[in-house]
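The values are calculated or read from the model by the stated rules, or taken from the named source; none is laboratory data. Quantities reported herein were computed from a predicted structural model and do not represent experimental measurements. As a convention, Cβ positions derive from the backbone with ideal geometry for all residues, glycine included, and neighbour counts pool all protein chains shown. Surface accessibility is based on the protein's heavy atoms, side chains included, excluding ligands, DNA and RNA. Shrake-Rupley method; radii C 1.70, N 1.55, O 1.52, S 1.80 Å.
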Amino acid sequence: MAESTKLPKDIFAVDVPNHELLKLAYDSYLANARLASATTKQRGEVSGGGKKPWKQKGTGRARFGSSRNPIWRGGGVVFGPRGNENYTKKLSKTAKKVAIRQALTVANEAKKIVVKDIKTTGKTKEVATFLADNKLERRVLIVVDEKTPELMRASNNIQNVLVIRASYLSVYHILNADTIVMTPKALPVITEWLSKEEA
């Protein structure tokens, strides 16, 4: 399936000594997309608990000043998420490029990469026919140089298709795709982007 003769070896056939960098880049993508939306209330933020449950002395029970103590049911939460956690994982630009080249190499060796042009007037049926003619049934990643309104409109309603610009390729998208369809115009963009070494 892969048209390896059209793919530059310095990007699609590099050495992949192990998968450690791929895992770092994959985890980094997921971590950077994570939202710190979970929040818990501390004892001072939980409603109620203003009255002392019972008097300090004479009951034989332990002293308590508030029913919103963390050890009580309905009390505050200790050391819970506060909504300001930073889950991001930084990866240098050079390492990210190396990881993408390794991911493309792994995909190319598995014969997942196809270089084909996709033409559509904006009708979903045209993209569906393209997929059927090329026997692409599972998760398909379409890599283009520029997203056109027609292609986006034609592919938005197809569940297993994701359209992405070549300059926004990531290890996550490459490894999760069962087939990667690259347009001829997207290939030079990828080559120029990934061939540049950071100083």
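I'd like the full set of residues that are assigned to a loop (DSSP other than H, G, I, E, B), of a type in the set (A, V, I, L, M) and open to solvent by 60 Å² or more (accessible area, probe 1.4 Å), limited to segment 21-54.
Scanning segment 21-54 gives A33, L35.
May I ask you to list the residues in segment 55-102 that are over 30 Å from N32 (Cβ atoms), exposed (fewer than 13 other Cβ atoms within 10 Å of the Cβ) and hydrophobic (A, V, I, L, M, F, W, C)?
A62, I71
If we keep just the residues of segment 132-149 that are surrounded by 15 or more Cβ atoms within 10 Å (Cβ to Cβ) and at pLDDT 90 or above, which is farthest from V115 (Cα to Cα)?
So, considering only residues that are surrounded by 15 or more Cβ atoms within 10 Å (Cβ to Cβ) and at pLDDT 90 or above, the one farthest from V115 (Cα to Cα) is R139.
Taking segment 150-172, which residues are closer than 25 Å to L21 by Cβ, surrounded by fewer than 22 Cβ atoms within 10 Å (Cβ to Cβ) and either aliphatic (A, V, I, L, M) or out of contact with any Lys or Arg (no Cβ under 9 Å at 6 or more places or on another chain) (or both)?
Passing the criteria: L162, I164, A166, S167, Y168, Y172.
Is it the case that R82 is more than 27 Å from A177 (Cα to Cα) and charged (D, E, K, R)?
Judged against the criteria, R82 is a match.
Yes/no per residue for (1) open to solvent by less than 50 Å² (accessible area, probe 1.4 Å); (2) at pLDDT below 90; (3) out of contact with any helix residue (DSSP H, G or I) (no Cβ under 7 Å at 6 or more places or on another chain):
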site: V106; (1), (2), (3): yes, no, yes
site: E109; (1), (2), (3): no, no, yes
site: V127; (1), (2), (3): yes, no, no
site: I174; (1), (2), (3): yes, no, no
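Can you list the helices (runs of 4 or more DSSP H) found entirely within segment 64-174 that contain at least 3 residues being out of contact with any Gly (no Cβ under 9 Å at 6 or more places or on another chain)?
93-109, 124-133
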